[in-house]
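Comments concern the structure below.
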Amino acid sequence: MHHWKPPPPLSLSLRSCRFVLSFTPAPAMSASSSSEVAPTGPADAIYRDRILSSKLYFDVPPSKVPVIYSSSYDIAFFGIEKLHPFDSSKWGRICQFLIKEGFLDKKQTVEPLEASNDDLLVVHSESYLSSLKSSLNVAIIIEVPPVSLLPNCLVQNKVLYPFRKQVGGSILAAKLAKERGWAINIGGGFHHCSAEKGGGFCAYADISLCIQFAFVLLNISRVMIIDLDAHQGNGHEIDFSNDRRVYILDMYNAGIYPFDFEAKRYIDQKVELASGTKTKEYLDKLDEALEVARNNFNPELVVYNAGTDILDGDPLGRLKISPDGVTTRDEKVFRFARERNIPLLMLTSGGYMKSSARVIADSIINLSKKNLIALDSPLGRK
């Protein structure tokens, strides 16, 4: 995702220099372990109980494909959303393109449930969620100042409710990926939000929540985050700073927001790009990065944050990747998971041009044509 007015850049550090312990509900485990995490104290028992009592995981009939979307994802409140560079109708337009091209039947998509307060408390603190009851705090996070002047009930219904639906979609995507081999949430990817702090249009930490639910409900303990949004994924990096079950590959423009000095310490595999990086160099670096990741970590689930703010012309990403480059990028990541038979879930994350929706739809169509996903088969991969 992004920030509107970035501060000056900071110097870098290494993950091995970690000394800040951020909130992570589950106890850390070795990356080589595959057993379910057992509670070690009252706090862990509360956290597990919240997950086990959640309604966000539900059985999806075989007539559905693992594409998750709700019309509630789109954000519209009296035109104020147009003051922000993010295309808040992007998610609906992606589905419209897929339906129009004959690659998706709306009846086959999966509608998620809204993440409840108890669901969000699996990662977030009470104090953080309470802060979101203030229209001013929400306005700061999503960077639309006029929102602070709106009644809080309107902010909750028009802004935070769509985000909570997308969080529910990201969490459900892990279950569907495990069952079908892949899943795409046409939304989510709020990678600047951590347990205690939102920012850059990210109010909830859906990636962290998705993974914590997967640890408990899917009986897995090794997850790889491949974050290819143009911006550093500082939110999930902070949340998993002390958790060796999560391996983070983050490839981003180092010259733009968030310049998070602390979070950079927790990236296992950091690929920093310069503004203006072009398609060939980008894809070459991605090939190298995926090869290193393949040799260093054996995940049971891949969470792919597929931001399209890498596109040439994006005002916030400042890279120069062609639409075909985005399609190739996504294909490379899906092949990486397919070749190792690893379930993969994709989140659409940032993208600040009207063309992003078309590019995402075209990429999904390409994945279907290459048999990396099966939009015409309820059992997923062919």
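Label separation (residue 116 vs residue 129): 1.0 nm, computed from points 7 Å beyond Cα along the C-beta direction. Computed over region 320-382, the quotient of the alpha carbon radius of gyration and 2.2 N^0.38 Å is 1.14.
Return one quarter of the surface area of the convex hull spanned by the alpha-carbon atoms of region 183-267, equal to its mean projected area, in nm².
Computing the convex hull of the Cα atoms and averaging its projections yields 5.5 nm².
Summing +1 for each Lys or Arg and -1 for each Asp or Glu among the other residues whose beta-carbon sits under 11 angstrom from that of residue 164 gives -2. Expressed per residue, the C-alpha convex hull volume of region 266-340 stands at 97 Å³. In the distance distribution for region 91-151, Cα-Cα pairs more than 14 Å apart total 70 percent.
Computed from backbone phi, the HN-Hα couplings of region 91-105 come to 5, x, 5, 4, 5, 4, 4, 5, 5, 4, 7, x, 9, 8, 9 Hz, rounded to whole numbers (Karplus: 6.51 cos²θ - 1.76 cosθ + 1.60, θ = phi - 60°; Gly and Pro given as x).
Cross-link check: pairs 175/264; 106/264; 90/370; 107/197; 175/370; 55/320 evaluated at a Cα-Cα cut-off of 32 Å; pairs beyond the cut-off: 106/264; 107/197; 55/320. Straight-line reach from residue 158: taking Cα to Cα under 19 Å and skipping same-chain neighbours fewer than 8 places apart, the aspartates and glutamates in range are 74, 81, 87, 111, 114, 143, 206. Between rounded, prolate and oblate, where does region 244-382 land on the alpha carbon gyration tensor, with a ≥ b ≥ c its root eigenvalues, rounded for a/c under 1.5, else prolate if a/b exceeds b/c? Verdict is oblate for region 244-382.
A short reminder: the numbers here are calculations on the coordinates, not readings from a lab. None of the values given here were measured: they were computed from a predicted structure. Counting neighbours? That spans all protein chains shown, and the Cβs are built from the backbone with ideal geometry, glycine included.
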